[in-house]
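Shown next, in structure tokens, is the structure this report addresses.
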Amino acid sequence: MTRPTRPARPESLPDETILRPHAEQTFAGELAALAAQDERERPPSWLLSPWSVVLYLLGGTLPDGTVISPKYVGPRRLVEVAVATLATDRALLLLGVPGTAKTWVSEHLAAAVSGDSTLLVQGTAGTAEEAIRYGWNYARLIAEGPSERALVESPVLRAMRDGKVARIEELTRIPADVQDSLITILSEKTLPVPELGSEVQARRGFTVIATANNRDKGVNELSSALRRRFNTVVLPLPDSAEAEVEIVTRRVEQLGTSLSLPAQDVELAEIRRVVTVFRELRSGRTEDGRTAVKSPSGTLSTAEAISVLTGGVALAAHFGDGVLRPHDVAAGILGAVVKDPTADAAVWSEYLETVVRERDGWADFYRACREFAG
């Protein structure tokens, strides 16, 4: 029997098919506009001046009228400290609880400074030293012995060679002995390769941006020697409901566009309601400060609120009338809040009965959440 042939796979896909373009691809126009009008002094190998990097992250309008969209909503001084750190010989550690946009800020900083956010090491419990230093092509190693051709460069080593920013995500999830392989790189700006009797010296412009949090299980504390080589910037959760609503609204719109979701109607009131629930459960007190509530075991971060609303938008677009309603977000909220089926379920049930049920204008939301909570 003759099997049907599959259509040939195209050698390259159009940009529109990329699910999540890198920051330097998505915002290439903004970066080019900033570079064209940037007359301030730039550190060696930087695409933009520090002032323009801050403008790229926080948003604004250029003299020619070009609008730069904000990538991060938060204290300006924190962003300025982070950018100033990258202009020195110290590495940058972005610290914060999950969902405080550490990865997002790291990516955009690398894109604005180097024009390349892809030199990335993703930290896990299984990350080996080779991911930070270098490895070997064992077929070549056996055939030729140690040689430049057999060397497999890590993203950090490539950043050193090219004078760019290397990113290390979830640094505290990497085993402690592997973390410490960064010490020589950060202090001496060199990476010895004893097998070749040589070393790689970092070019000007090289630096490292790492992210970390201490709320997840499996955290490996940084050694004091390594911590001293980082300048730490703590990214806080949004300090006001308005700021968090702004962040969530913008990201839900961006994700809806990138995922090509059908046209939908997302009312600001529905976003504000989800943000209010997350903030109250996170803080252990209602917005008016009158009622104490129990907090669940999860972090209920801004990122989780974005996920809940994006899922709700997809439900409304594909299985509803395109209007985001309480029924579309109820299941997502339940999944975000109830991580522990026993303790968190009781916390959620009590919150529904003591807060949501009594709140004016929330009757439809209460019924939808009760339906999923069972």
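Annotations
- Yes/no for D288 being modelled with pLDDT under 90, in contact with a strand residue (DSSP E or B) (Cβ under 6 Å, 6 or more places away or on another chain) and surrounded by fewer than 18 Cβ atoms within 10 Å (Cβ to Cβ): no
- Condition met for A36 (under 16 Å from H108 (Cβ atoms) and either loosely packed, with under 13 Cβ neighbours inside 10 Å or hydrophobic (A, V, I, L, M, F, W, C) (or both)): no
- Residues that are out of contact with any Lys or Arg (no Cβ under 9 Å at 6 or more places or on another chain) and either touching a residue at least 60 places away in the same chain (Cβ under 8 Å) or not in a helix (DSSP H, G or I) (or both), drawn from the stretch 123-150: G126, A128, I132, R133, Y134, G135, W136, G145, P146, E148
- All positions within the stretch 268-282 that are more than 19 Å from E253 (Cβ to Cβ) and in contact (Cβ under 8 Å) with a residue 40 or more places away in the chain: V277, E280, L281, R282
- Some residue of the stretch 189-212 being within 19 Å of L157 (Cα to Cα) and of a type in the set (D, E): yes
The values are calculated or read from the model by the stated rules, or taken from the named source; none is laboratory data. Since the structure is predicted, the reported quantities are computational estimates derived from the model, not experimental observations. Note that each Cβ is placed from the backbone with ideal geometry, even for glycine, and that neighbours are counted across all protein chains shown.
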